[in-house]
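First the structure, in the form of structure tokens, and then the observations on it.
The values are calculated or read from the model by the stated rules, or taken from the named source; none is laboratory data. As the structure is a computational prediction, the values presented were derived from the model and not from experiment. Cβ placement follows ideal geometry from the backbone for every residue including glycine, while neighbour counts extend to all protein chains displayed.
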Amino acid sequence: MTDPAADISAARADIEGRVAGRTLIDVLADTVAAHGDLPAYSDKHHVTEGESWRTTTWAQLHEQVLDAAAGLVDLGVAPGDTVAIMASNRTEHFVADMAGVHAAATPMSIYNTLSVEQVAYVADHAQPRVAVLENADHLARWERALQETPATAAVVVLDDAARPDDADRFLSWAQLVERGRARRAAGTDKLEQRHAELDPDAPATILYTSGTTGNPKGVVLTHHNVLYEAVSTLRAAGLEGPQRQVSYLPLAHIAERVLGLYGPQMMATHSYAIGDPAQLLATLGDVHPTAFFGVPRVWEKIKTGLSAKLAAEENPDNVKLVQDSMAAALAWVEAQEVGGTMTPEIEEAYQQADAAILGFLKLLLGLDQVTWAGSAAAPMPVEVARFMAGLGLKVFDVYGMTETCGAVTANGPHGFKLGTVGRANDGMEVKLGEDGEVLVRGPVVTPGYHRNEEATAALVDADGWVHTGDIGTLDDDGFFAIVDRKKELIITSAGKNVAPSNIENYLKESPIIGHAMAIGDSRPYVVAILTLDGEVAPVLAQQRGIEFTDLADLAQKPEILAMAQAAVDAANERLSRPEQVKAFELLPMEWTAESDELTPTLKLKRRVVNSKYADVVDRLYT
């Protein structure tokens, strides 16, 4: 019988041996030496005539990084200074981040959707020496911060047309690179000296959390943190060698940083960067990635979109073919779960289903070449995971947080169970506290929040355990599942504990429902606020001949309200009596990453919703 503690120690020592004493600068240099001619990043900016994408190789990228890093030094960036970046996913964003690292500074990507007040708070807290901003919208969001933060001596503007006339403070990206190139040519760039002196325990970034409650906190992550995390995550995913992927989540999100920035530097992966997530489905069809990561909402959108198309199919033979094929694929995936049993009959049925229709459906989605698909940021609704399994896609749910540099548990090709977030990653200690809270300890844990000792003390206890704030379960095979956020559990006035995420996931299984929030804390029963899916609901309405002018008008149509009621009824059938939704209201608007109600990663800001729609809540309890 093996000793779990010894297994954890051995796995940790193995990864530590790979990353000890190294920084991101070392990793990039090694990749460039081995794979310099391979493509690194592609985007849609400054595309040459006759091309669809602008592509930069790893060798070309490295030169740009060194030039931009020397440019930052020329602007007065000292080791340990912060460099703020607000930009969409494009090559210059990745270069700016790597350049900050190569200048021995601390790059920090900031969500593009932060308000003027939030940007001013972050700038005052982090005191960036240089800010790299993309366009006029970002300049407007930074206007107050730049007035109140004199430490930000220079601003680099990617969109030259948006650059203000003040040449002393504002310069173009080309000017930054040219200044650095000249400094390198003169031998005064100081980059080699800074590299030699850079400690692996120095910050590699500071990520300001989305802020579902209160002001965001700056999570410090070191070079050692991110390198250990990248190795353990790639190992759990079974990914080796260069991949092809789409980068679309904000680089202020830890998942995108690990999978779109740090991991590719290790593997020479080719990332196609898009600035607008609305282009994701079209880009998948263009790129056909080999690895793809989506937050649960992305997978939900894929499910609802495909479900709507399948529902519109009028040929009963085609409907039966799809249903039977998806049943065969689901059985095939379930047979591969830990505890499942694969048989020749299950394998043959799946191969026939894949050849008959499933391969074509995956080709339509652009997911036909995916060898690894993942999800995180919130637990994947099991029905969504089962739907994807019905296409023959194993979407591996993983779990972690910004404060743990990303994933600490993961499902993967070495073992998975649908409905769980997997087992602890190599070298990580994960356990449940007495109240069911998930506790984490290991090399990926943040050294603390930037300039916030009180919050750091509340996060990590004296024994080094991170208190995640998530309530979980653990089965006999070592698989964790996340029930809900500790602070978001609903306790009704009758004393019943209710997990709102379960209710909300059931409600969102309806193709017309975009978002749902269950309410009931200290109340006699549970109610829900719903919004329409802005893409799917109008299509379904048109198919049914419902006339409407806009989403607000559609939300008032009796047929749509009846469909929303049907969604509530269907959810209630699967819920215990204390969990059931007794009343709901369908709002006349959509919630997006740009609106107040969601974080940039599409998680609910419950406090904002409760406050903003207090009148709706009161009506539901009247």
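Checked against (1) touching a residue at least 60 places away in the same chain (Cβ under 8 Å); (2) in contact with a His (Cβ under 9 Å, 6 or more places away or on another chain); (3) among the aliphatic types (A, V, I, L, M), V73 passes all but condition (2). Does the range 519-546 hold any residues that are in contact with a Leu (Cβ under 8 Å, 6 or more places away or on another chain) and within 25 Å of V498 (Cβ to Cβ), and which are they? Across the range 519-546, the qualifying residues are I519, V527, A528, I529, L530, T531, L532.
Based on what the data block shows, is I503 modelled with pLDDT of 90 or more and surrounded by fewer than 21 Cβ atoms within 10 Å (Cβ to Cβ)? No.
Kindly indicate whether A335 is out of contact with any helix residue (DSSP H, G or I) (no Cβ under 9 Å at 6 or more places or on another chain), surrounded by fewer than 21 Cβ atoms within 10 Å (Cβ to Cβ) and in a helix (DSSP H, G or I). No; evaluated as a whole, the condition is false for this residue. When the strands (runs of 3 or more DSSP E) confined to the range 173-292 are screened for residues that are within 30 Å of T304 (Cβ to Cβ), those reaching at least 2 such residues are found at 244-247, 270-273. Every test in (1) free of Cβ contacts under 8 Å to residues at least 40 places away in the same chain; (2) farther than 25 Å from V298 by Cα; (3) within 29 Å of the chain's Cα centre (by Cα) is passed by A562 save one, and that test is (3).
State yes or no: is D14 within 27 Å of the chain's Cα centre (by Cα) and surrounded by fewer than 23 Cβ atoms within 10 Å (Cβ to Cβ)? No, not satisfied. Of the residues V581, V609, the single one that is crowded, with 20+ Cβ neighbours inside 10 Å, in contact (Cβ under 8 Å) with a residue 24 or more places away in the chain and within 19 Å of K496 (Cβ to Cβ) is V581. Selection of the range 520-539 for residues being more than 28 Å from the chain's Cα centre (by Cα), within 20 Å of M563 (Cα to Cα) and buried (at least 23 other Cβ atoms within 10 Å of the Cβ) yields only V526.
Restricting Q127, Q175, Q118, Q147 to residues that are at positive phi and surrounded by fewer than 23 Cβ atoms within 10 Å (Cβ to Cβ) narrows the list to Q127.
Of the strands (runs of 3 or more DSSP E) lying entirely inside the range 403-457, the ones with 1 or more residues being hydrophobic (A, V, I, L, M, F, W, C) and surrounded by fewer than 18 Cβ atoms within 10 Å (Cβ to Cβ) are found at 429-432.
Considering L227, L259, L207, the condition of being within 15 Å of the chain's Cα centre (by Cα), farther than 25 Å from K394 by Cα and at pLDDT 95 or above is satisfied by L207 alone. Within the range 299-317, residues that are closer than 30 Å to G374 by Cβ sit with their Cβ atoms under 9 Å from residues that are aromatic (F, W, Y), at 6+ positions apart or across chains, in these pairs: W299/F387; I302/F387; K303/F387; L306/F387; S307/F387.
Taking the range 380-393 as the range and being within 19 Å of D475 (Cβ to Cβ) and surrounded by 24 or more Cβ atoms within 10 Å (Cβ to Cβ) as the test, the residues that pass are M380, A385. Scanning the range 575-600 for residues that are of a type outside the set (D, E), in contact with a Phe, Trp or Tyr (Cβ under 9 Å, 6 or more places away or on another chain) and under 24 Å from P379 (Cβ atoms) gives L575, P578, Q580, V581, A593, L598, T599, P600. Would you check which residues across the range 33-70 are in a loop (DSSP other than H, G, I, E, B), polar (S, T, N, Q) and touching an Asp or Glu at 6+ places or on another chain (Cβ under 9 Å) and list them? Passing the criteria: only S52.
Kindly indicate whether T222 is β-branched (V, I, T) and closer than 30 Å to V408 by Cβ. Here the answer is yes, as T222 does meet what is asked. Among the residues of the range 558-574, those that are closer than 18 Å to N497 by Cα and surrounded by 17 or more Cβ atoms within 10 Å (Cβ to Cβ) comprise A571, N572.
Could you check, for the range 290-302, whether at least one of its residues is modelled with pLDDT of 95 or more, surrounded by 17 or more Cβ atoms within 10 Å (Cβ to Cβ) and aliphatic (A, V, I, L, M)? Yes, there is a match, as at least one residue in the range 290-302 is modelled with pLDDT of 95 or more, surrounded by 17 or more Cβ atoms within 10 Å (Cβ to Cβ) and aliphatic (A, V, I, L, M). Only residues that are in contact with a helix residue (DSSP H, G or I) (Cβ under 8 Å, 6 or more places away or on another chain), over 17 Å from Y111 (Cα atoms) and not hydroxyl-bearing (S, T, Y) were counted across the range 136-154, and they come to 1.
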